[in-house]
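Take a look at the structure below.
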Amino acid sequence: PDSILVDKIVKDIVNKLNCGTSSANLEGLVGIERRMQKVLSLFQDEIPDFPKLGIWGMGGTGKTTLAEAIFHHVLNGFQSYFFLANVREYEERGKLFKLRQKFLSAILEDENLCISTSRIGSGFLKNRLSRKNILVVCDDVSKLSQLEFLFGGNNRLGPGSRVIVTTRDKQVLIQYGIDLIYEMEELDEDESIQLFSQHAFKSNNPMDYHQLKLSQMVLSFANGNPLAIKVIGSSLCGKTKSYQESEVKKLKQVPNPHIKKLLKWSFDGLECEEKEMFLDIACFFKGKDRDIVTWIMDSCYGFAYSRIENLIDKSLISVSQNQIAIHDLLQQMGWNIVCNESPLMLEKRSRLWIPEDSYDVLTKNNGTEMLRGIVLDMSKLEKLELEPIAFMKMQKLRFLKFYHSCGKILLFKGLLSFPNELRYLYWEGYPLRSLPTKFDLRYLVELDMRYSNVKQLWEGK
């Protein structure tokens, strides 16, 4: 019938017009245009005919926003295009099949398309896909299997097609054969202040001293993460000055639930030993030499080098000049996970790094086998007198570090033993002349007792 034919013609023309005039709307997207142009220059200078692009980074850095901007900027000229949002979430809800059905129906312009199998096996369907020039974004991919399920392999699409994948796990991109990988950059200081001001004060810049001070407080721990800056800024908008300052101080100790949930997903996907290593790094080894950290971790968990590589690939840590680095928000998340192990009983947590907490447990001699590590900075504390049995209940302790402690930690009655599980022992100004005779050093990999009175560490080997 003519009426149906007219509808189809109009729909086809509207699609073509939309494709020809589409462009990215970057209004209010701070820093995205600069990053988009950088990615586009990679296409032109390095791989002009790029088949696949990966955008990789930690949660909240703007991977999806950047992918959307590139998608709308380059879709002109493609026969079909589709944005596959929240791929990981679709799989977790058991709806990845429906997402693929929706994607293929749109790409092939076939509302009645039906795929009854778990794989794209039809030769006719493969042939239809291979003949189409397609642009597709797969957003928030967490596994290679998700891409294989959606496309039935990475060679199904026609010549000139483009695939953009965003993920927190670099290995997904490498396994899928993506060579062009853009690592999301954090916002610089000017961009961070502009973004925070837009959401907190509805302006592009702080208007007075209070707003500038508040901006600096937030940026000191948001550390260039766009999501954190937007969420915190929005939560402060329209509030009194007193409320704003109080809330920002609280956020340094208690992370925003939305930010916490977003970041914790990467942690939840780790293997058990990788989780433990991440928490050790968050609590004890930020800024330390990678080789030394690998050496110590290897004595605790084994296969430390590859596991640290996995943490890097999943955007949970990074390495700069061979030093382990971790974003402040991710470190805060790690701290929060440990605190939630036992909110009220410090001695039942696995790690202690807050000076007052470590001091409290040590003075009360109530440490337990739950403890894996203790760090105590004595710079802001008075003297600490330890009993000979101070470490007797901490048989699983692996890391022990006392610093700024010269003359401040006293052992008037001596020390019976250190935990035999110790791998790392650092004690500035250790006051005794020798290590306890009952201390078994079989697991120890690093011993640092600078400025101490030790004359003999041990007898024999």
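The values are calculated or read from the model by the stated rules, or taken from the named source; none is laboratory data. Computed from a predicted model, the values in this text were never measured in an experiment. Note that each Cβ is placed from the backbone with ideal geometry, even for glycine, and that neighbours are counted across all protein chains shown. The area values use the complete protein model at the heavy-atom level, side chains included, leaving out ligands, DNA and RNA. Shrake-Rupley method; radii C 1.70, N 1.55, O 1.52, S 1.80 Å.
List of remarks:
- Test result for Leu311, open to solvent by 60 Å² or more (accessible area, probe 1.4 Å) and at pLDDT below 95: no
- Residue, farthest from the chain's Cα centre (by Cα), within the stretch 448-461, restricted to residues that are closer than 26 Å to Ile281 by Cα and either surrounded by fewer than 11 Cβ atoms within 10 Å (Cβ to Cβ) or free of Cβ contacts under 8 Å to residues at least 24 places away in the same chain (or both): Arg450
- Listed here are the helices (runs of 4 or more DSSP H) enclosed by the stretch 1-110 that have at least 2 residues being of a type in the set (Ser, Thr, Tyr) and modelled with pLDDT of 90 or more: 63-74.
- Which listed residue is outside the structural domain of Tyr443 (by the TED database), more than 13 Å from the chain's Cα centre (by Cα) and surrounded by 18 or more Cβ atoms within 10 Å (Cβ to Cβ), from Val293, Val375: Val293
- Residues of the stretch 296-319 satisfying the condition of being in contact with a strand residue (DSSP E or B) (Cβ under 8 Å, 6 or more places away or on another chain) and within 16 Å of Gly59 (Cβ to Cβ): Ile312, Ser315, Ile317, Ser318
Conditions tested, residue by residue: (1) touching a strand residue (DSSP E or B) at 6+ places or on another chain (Cβ under 8 Å); (2) modelled with pLDDT of 85 or more; (3) open to solvent by 70 Å² or more (accessible area, probe 1.4 Å).
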residue	(1), (2), (3)
Gln194	no, yes, no
His199	no, yes, no
Lys202	no, yes, yes
His210	no, yes, no
Phe221	no, no, no
Lys239	no, yes, yes
Val248	no, yes, no
Ile259	no, no, no
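- Considering residues of the stretch 427-447 that are in contact with a Leu (Cβ under 7 Å, 6 or more places away or on another chain) and open to solvent by less than 30 Å² (accessible area, probe 1.4 Å) only, the residue nearest to Asn365 (Cα to Cα): Pro436
- Residue in the stretch 349-358 that is part of a loop (DSSP other than H, G, I, E, B) and under 30 Å from Ile55 (Cα atoms) present: no
- Which numbered condition Gly177 fails, given (1) touching a residue at least 60 places away in the same chain (Cβ under 8 Å); (2) assigned by the TED database to the domain that holds Leu96; (3) assigned to a helix (DSSP H, G or I): (3)
- Looking across the stretch 416-426, just one residue is closer than 24 Å to Asp289 by Cβ, open to solvent by 20 Å² or more (accessible area, probe 1.4 Å) and assigned to a loop (DSSP other than H, G, I, E, B), and that is Glu421.
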